[in-house]
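The values are calculated or read from the model by the stated rules, or taken from the named source; none is laboratory data. Keep in mind that this is a model prediction, so the values were computed, not measured. For neighbour counting, all protein chains shown are included, and Cβ atoms are generated from backbone atoms with ideal geometry for every residue, glycine included.
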Amino acid sequence: MPAPQTLQGARVESGPDSPVYAWVAQTTRTLLPLMERAGVATAAVGLDTLADRLREEIVATDATVVPPPLIGAWARKPAA
């Protein structure tokens, strides 16, 4: 296969209506078992209120959130 082409993109979010708060909370919910095994977080993170607490903090401090970028890669097999 030839070297892949790649593309990277990231959201830059702020304000009360950003979908990033729910995205972070759901990602944390998915990764929490691994985070607990690694010793970097516990259920005390409060998943049920995490999105709301993130929203409140970001809005109150007029901050901007940049979640991890999404990276895509693709290649085409040369014709025979």
Next on the checklist: Tell me the residue from R29, R11 that is surrounded by 12 or more Cβ atoms within 10 Å (Cβ to Cβ) and modelled with pLDDT under 95, please.
Outcome noted: R11
Checklist outcome for this item: Within the range 46-62, residues under 9 Å from G15 (Cα atoms) and surrounded by 11 or more Cβ atoms within 10 Å (Cβ to Cβ) come out as R55, I58, V59
Checklist entry - Which pairs do you get when a residue that is at positive phi, found in the range 10-25, comes within reach of a residue that is assigned to a helix (DSSP H, G or I) and of a type in the set (S, T, N, Q), reach meaning Cβ atoms under 8 angstrom, with the pair 6+ apart or on two chains? => result none
Checklist entry - In the range 26-57, how many residues are among the β-branched types (V, I, T), closer than 24 Å to I71 by Cβ and either in contact (Cβ under 8 Å) with a residue 40 or more places away in the chain or part of a helix (DSSP H, G or I) (or both)? => result 3
Next on the checklist: Checking A75 against (1) more than 30 Å from P2 (Cα to Cα); (2) modelled with pLDDT of 95 or more; (3) not charged (D, E, K, R): exactly one of these is not met. Which one?
Outcome noted: (1)
